[in-house]
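Comments concern the structure below.
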Amino acid sequence: MFKKIAMLALVIVLLCAGIAFGQVFERSETLYTGGKQWGPVSNWNPLMTGNYATGTIGLVYETLFLYDPLTDKFMPWLAESGQWTDALTYELKVRQGVNWSDGKPLTADDVKFTFELGQKTALNFSSLWSWLSSITKVDDYTLGFKFKSALYQEWDNYLYNVPMLPQHLWASKDLKDVAIGANEKPVGSGPYLYFAYDQTKMVWAKNDNWWAIKALSLSVAPKYIVDLVNTSNENSLGLVLQGQEDLNNNYLPGISTLLTGGYALHTYYPVAPYHLAANTAWLDVNLQKKPMDDVAFRKALAYSINVADIVSRDYGNMVQAANPTGLLPIWDKYVDQNVVKKLGISYDPAKAKQILAAAGYKDVNGDGFVENKDKSLITLKIIVPNGWSDWMAAIQIISNSTKAVGINVQPDYPDFNGYLDARLKGTFDLAIDNQAQVSNTPWSYYHFIFYDKLADIPTTQGGNYGRYNNQTAFDLVTQLDKLATNDLQGMKAVISKLQTIQLTDLPIIPLWYNGMWAQMSSANWTNWPSSADKDNHYLPVTWNGYWNMTSILMLTQLKPVVAK
Amino acid sequence: MRRYFGRKLLIYIFTFVLAVTIDWLIPRFMPGNPIQILISRAGLKAESANLIYSYYIQAFGLNVPIWQQYLNFWNALFHGDFGISIWLFPQPVIQIIMRAVPFDVLLLLPAILVSWFAGNKFGAYAARSKWLDNTISPLGYILTATPYMWLGIVLGWLFGIILRILPFSGAYSYAMMPSFSWAFVGSLLEHWILPFASLFLVMFGGWAIGMRNMIIYELEADYSHYLEALGAPKKLIRQYAFRNAILPQITGLALQLGVIVAGALVTEIVFSYPGIGYLILQAIQNHDYFLLQGCFLFIIIGVLLANFAIDITYVLVDPRTRTGMQGEG
């Protein structure tokens, strides 16, 4: 009996010792992140946008430039420099001394090969080839891009989004593999290497031969980055409170409790709105259905929505109400204040009722809601994906505020695919949409609002889900795309015209700005970005497309709390 | 006996074919086109989208006529190939399921077996005396009526957040990779305790109540009264009663083991335990029909095997079945 107890005790002691000393990843050299990966890691293909493991572009594969949205500046990254030598030719100088993680050098051949892949098979930058005619190799580190027509705003967008791929590994892949293959054990030029993964996490290990260590005197601080798979918001909250995650990019409600509860957490701004603005939440309106095809009705709808309520009650002031144009705060300089003063819309239920009455919408059957001009009932459904709790609460508030002026809008919560399907096919009535993100140019926003290829919307997911058709607007967007990126006056002039059209016709209604949700823990790492003058202003976000918008630089500034 | 088993086997094979056919049919008749969703995430022009669409159709084997797809499915089944997942493209479904199965078995096998033994023992005690009955029965009723996820959340909150002595998330520490080391085994056990406890407690209640009712029924049977009249010791009577009462419990156990691979879905969600139940939920939410198909296939096979095992066990345990079989011979 005694022997049995002794054996059991020995086993327990060994296990405890094992747990205490058996960690593979040393806490002081590991950064735990979470908030982007909603399912187990399944591929590392940088061309499968939306699907690849966290950090595939950014930590492993890199882009030609980085873009800093807060200062509106490009930073040469894999490229040394780039400039337009004439109206239709762009000369790119590739940085020398960069090696892939397998030791081979990165040259202009790799860049040319990467862009030409878009010509051979269907990738997300393939549409570039409808206005790019050829790429010529001038020498081992210089390329000339010859264009049929130059869309300067869009080109800049590709410069910081297209990942550079190694020709010596990708040339032998068949095109199907290039487009939809898993790309196991990825080889890139970036500061991290593939280390390991399982169904709960992705582990990246530091690349000690990263080119920027010598070229830019930059070194990433964490030796390991472990990105944890989200299972639910509650679970992420628990991990953040326990100090298991250092950087969390989930939406976590109750921010004021988190910041003052002694958990060593902080956000980019110490006070409201706490987070930087990432994208605008719009109200998609289906212009193909009655009565939303009537601009007067849309106007009344816009006046009836109490956005302030959503901002304060739903989000606890973690977001800001959007300005009437819907442009993000980084594009404040493009907002034409005169147009906004004349045509801007804000919450005014009395005015909404006035507009409805003047347009001929009356409550004929006395149920408290207005009917169509032909006496048919108006019952509209507003949809958001099921499980997105903040949006679900938001549409309940919207429904209540529209009902208060007499418009019958019911909230509905289909699952994500059903919601996406309805938007893509144009079968919805009203929906919340936040597709257009922070980018280098407001052109991307107007391209989303006035997306012109109406027939292609179901496959390209380009925007304009309400199917607004206005050739003048479409032409203005193309005109904007063709303007040089330093032509501030020219851009403002065209954007002002677009804003006038947008605010007159109201094809889509801006509501609030969703944040770059970022909770940072100083329990194990310090020197995080923040709005304070003494801190760096890089983006603290691990989502796709943000690493190359300076989040990678955040890693170079971190300091471990326990010095090695 | 051979005819008995032969007939059983035939019925099982027929059931299997029918179940697998229905399993194959369901995803193809569900609304929505998950491949379209996969493509729209890539944001391509219409012509480009068509090319990628053809790649995906090829990858999923949907470019052949439907009867050929059915035959290909059976062929692949016997090679252990359950297709490719949509949600976790391009990983094969069998790989995803196999990663989850060990955790399900680790969690559920002990939970079911230990709760079965303990529940039956305590249920039998309850039938002994009124005092025991008055304590064990209410406890059993409360436990069996407790929802799994509620108990899971309470335990996780109590031991994980308040007392901070046990982890409440994952199957092993996020700082470790799977390996054969004391550290990993220890971490595995540490993360296993709470989900195991939340399953064990609820199931225990169920078995205890069931056993108690069966024993009381047996003690009221004619043979029990007869033995008592003959002056047999109480212990002997209880032994006989136990052996009779255990039979329906064995059936119940087999059925529970059969659905072991469906996993304790809600418990796995509460504790983020990477088992098949969690996979099923994700497959449904992400319209991943092939993963769903694979998971259901596992359940079908599991249930049929468990049923078959029970048929054999009954023959061994219950002499009346043996006699019944001989009567047919």
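The values are calculated or read from the model by the stated rules, or taken from the named source; none is laboratory data. From a predicted model like this one, the values you see are computed outputs, not experimental measurements. All Cβ positions, glycine included, derive from the backbone under ideal geometry; neighbour counts span all protein chains shown.
Does A:Asp429 fit the bill of being within 12 Å of chain B (Cβ to nearest Cβ), more than 28 Å from A:Pro329 (Cβ to Cβ) and surrounded by fewer than 22 Cβ atoms within 10 Å (Cβ to Cβ)? No: the conditions fail for A:Asp429.
Looking only at the range A:176-210, residues that are out of contact with any Asp or Glu (no Cβ under 9 Å at 6 or more places or on another chain), among the β-branched types (Val, Ile, Thr) and closer than 22 Å to A:Leu106 by Cα come to 1 in all.
The rows are residues; the columns are (1) of a type in the set (Ser, Thr, Tyr); (2) within 14 Å of chain B (Cβ to nearest Cβ).
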residue: A:Tyr152; (1), (2): yes, no
residue: A:Asn157; (1), (2): no, yes
residue: A:Asn161; (1), (2): no, yes
residue: A:Ala212; (1), (2): no, no
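Only a single item in (1) within 14 Å of another protein chain (Cβ to nearest Cβ); (2) in a loop (DSSP other than H, G, I, E, B); (3) farther than 29 Å from A:Tyr334 by Cβ is not met by A:Gly418, and it is number (2).
Of the numbered criteria (1) within 26 Å of A:Glu29 (Cα to Cα); (2) more than 14 Å from chain A (Cβ to nearest Cβ), the one B:Met176 fails is (2).
Within the range A:222-249, if we keep just the residues that are facing chain B (nearest Cβ under 9 Å) and among the β-branched types (Val, Ile, Thr), the residue that is nearest to A:Trp204 (Cα to Cα) turns out to be A:Val226. Is it the case that B:Ser187 is more than 14 Å from chain A (Cβ to nearest Cβ), assigned to a helix (DSSP H, G or I) and either without any contact (Cβ under 8 Å) to a residue 24 or more places away in the chain or surrounded by fewer than 21 Cβ atoms within 10 Å (Cβ to Cβ) (or both)? No, not satisfied.
Tell me whether the range B:53-62 contains one or more residues that are more than 8 Å from chain A (Cβ to nearest Cβ), among the polar types (S, T, N, Q) and within 28 Å of A:Tyr197 (Cα to Cα). Taking every residue of the range B:53-62 in turn, none turns out to be more than 8 Å from chain A (Cβ to nearest Cβ), among the polar types (S, T, N, Q) and within 28 Å of A:Tyr197 (Cα to Cα).
A single member of B:Ile215, B:Ile250, B:Ile237 is in a helix (DSSP H, G or I), under 26 Å from the mean Cα position of the chain (by Cα) and more than 14 Å from every other protein chain (Cβ to nearest Cβ), and it is B:Ile250. Exactly one residue out of B:Leu265, B:Leu230, B:Leu257, B:Leu292 is within 28 Å of B:Asn213 (Cα to Cα) and surrounded by 16 or more Cβ atoms within 10 Å (Cβ to Cβ), and it is B:Leu257.
Among the conditions (1) modelled with pLDDT of 95 or more; (2) out of contact with any helix residue (DSSP H, G or I) (no Cβ under 8 Å at 6 or more places or on another chain); (3) within 25 Å of A:Tyr152 (Cβ to Cβ); (4) of a type outside the set (Asp, Glu), A:Leu555 misses just one, which is (3). Here A:Gly34 fulfils each of the conditions (1) away from every other protein chain (no Cβ under 11 Å); (2) at pLDDT 90 or above apart from (1).
Taking the criterion of being touching a Ser or Thr at 6+ places or on another chain (Cβ under 9 Å) and more than 7 Å from every other protein chain (Cβ to nearest Cβ), the residues of the range B:162-172 that qualify are B:Pro167, B:Ala171, B:Tyr172.
Just so you know, in the range A:186-210 the residues that are more than 13 Å from chain B (Cβ to nearest Cβ) and without any contact (Cβ under 8 Å) to a residue 40 or more places away in the chain include one that is farthest from A:Gly58 (Cα to Cα), and it is A:Asp208.
Being in a loop (DSSP other than H, G, I, E, B), surrounded by 15 or more Cβ atoms within 10 Å (Cβ to Cβ) and more than 10 Å from chain A (Cβ to nearest Cβ) is a description that does not apply to B:Leu143.
For every residue, the table says whether it meets (1) acidic (Asp, Glu); (2) within 25 Å of B:Val20 (Cβ to Cβ); (3) surrounded by 13 or more Cβ atoms within 10 Å (Cβ to Cβ).
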| site | (1), (2), (3) |
| --- | --- |
| B:Trp67 | no, yes, no |
| B:Gly80 | no, yes, no |
| B:Gly119 | no, no, yes |
| B:Lys130 | no, no, no |
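The single condition from (1) in contact with a helix residue (DSSP H, G or I) (Cβ under 6 Å, 6 or more places away or on another chain); (2) within 14 Å of chain B (Cβ to nearest Cβ); (3) not polar (S, T, N, Q) that A:Ile345 fails is (2). For B:Ala229, are the conditions met, namely being part of a helix (DSSP H, G or I), in contact with a helix residue (DSSP H, G or I) (Cβ under 7 Å, 6 or more places away or on another chain) and more than 14 Å from chain A (Cβ to nearest Cβ)? So B:Ala229 fails the test.
Restricting the range A:387-415 to residues that are touching a Leu at 6+ places or on another chain (Cβ under 8 Å) and over 27 Å from A:Leu327 (Cβ atoms), the residue that is farthest from the other protein chains (Cβ to nearest Cβ) is A:Gly406.
Rundown of residues vs (1) within 25 Å of B:His191 (Cα to Cα); (2) under 26 Å from the mean Cα position of the chain (by Cα), yes/no style:
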| position | (1), (2) |
| --- | --- |
| B:Trp116 | yes, yes |
| B:Phe122 | no, yes |
| B:Tyr125 | no, no |
| B:Ser129 | no, no |
| B:Leu132 | no, no |
| B:Gly140 | no, yes |
| B:Met149 | yes, yes |
| B:Gly152 | yes, yes |
| B:Leu155 | yes, yes |
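Residues in the range A:37-75 that are surrounded by 18 or more Cβ atoms within 10 Å (Cβ to Cβ), more than 9 Å from chain B (Cβ to nearest Cβ), closer than 28 Å to A:Ser521 by Cα and polar (S, T, N, Q): A:Gln37, A:Thr54, A:Thr56. Taking each residue of the range B:81-97 that is within 7 Å of another protein chain (Cβ to nearest Cβ) and looking for partners that are hydroxyl-bearing (Ser, Thr, Tyr) and not in a helix (DSSP H, G or I) with beta-carbon atoms closer than 9 Å, six or more apart or interchain, yields B:Trp87/A:Ser42; B:Leu88/A:Ser42; B:Phe89/A:Ser42; B:Pro90/A:Ser42; B:Gln91/A:Ser42; B:Gln91/B:Ser85.
Of the residues A:Tyr546, A:Tyr538, A:Tyr465, A:Tyr513, the single one that is over 30 Å from B:Gln36 (Cα atoms), among the aromatic types (Phe, Trp, Tyr) and touching a strand residue (DSSP E or B) at 6+ places or on another chain (Cβ under 9 Å) is A:Tyr538. Hey, does the range A:471-480 have a residue that's in contact (Cβ under 8 Å) with a residue 60 or more places away in the chain, within 26 Å of B:Ile52 (Cβ to Cβ) and not hydroxyl-bearing (Ser, Thr, Tyr)? Checked against the condition, which is being in contact (Cβ under 8 Å) with a residue 60 or more places away in the chain, within 26 Å of B:Ile52 (Cβ to Cβ) and not hydroxyl-bearing (Ser, Thr, Tyr), the range A:471-480 yields no hits at all. Pairs meeting the criteria (first residue in the range A:447-465 and over 19 Å from A:Leu123 (Cβ atoms), second residue part of a helix (DSSP H, G or I) and polar (S, T, N, Q), beta carbons under 7 Å, at least 6 apart or on different chains) are A:Ile449/A:Gln502. Condition first: closer than 30 Å to A:Leu59 by Cα and at pLDDT 95 or above. Can you find one or more residues in the range A:469-478 that meet it? Scanning the range A:469-478, I find no residue that is closer than 30 Å to A:Leu59 by Cα and at pLDDT 95 or above, so the answer is no.
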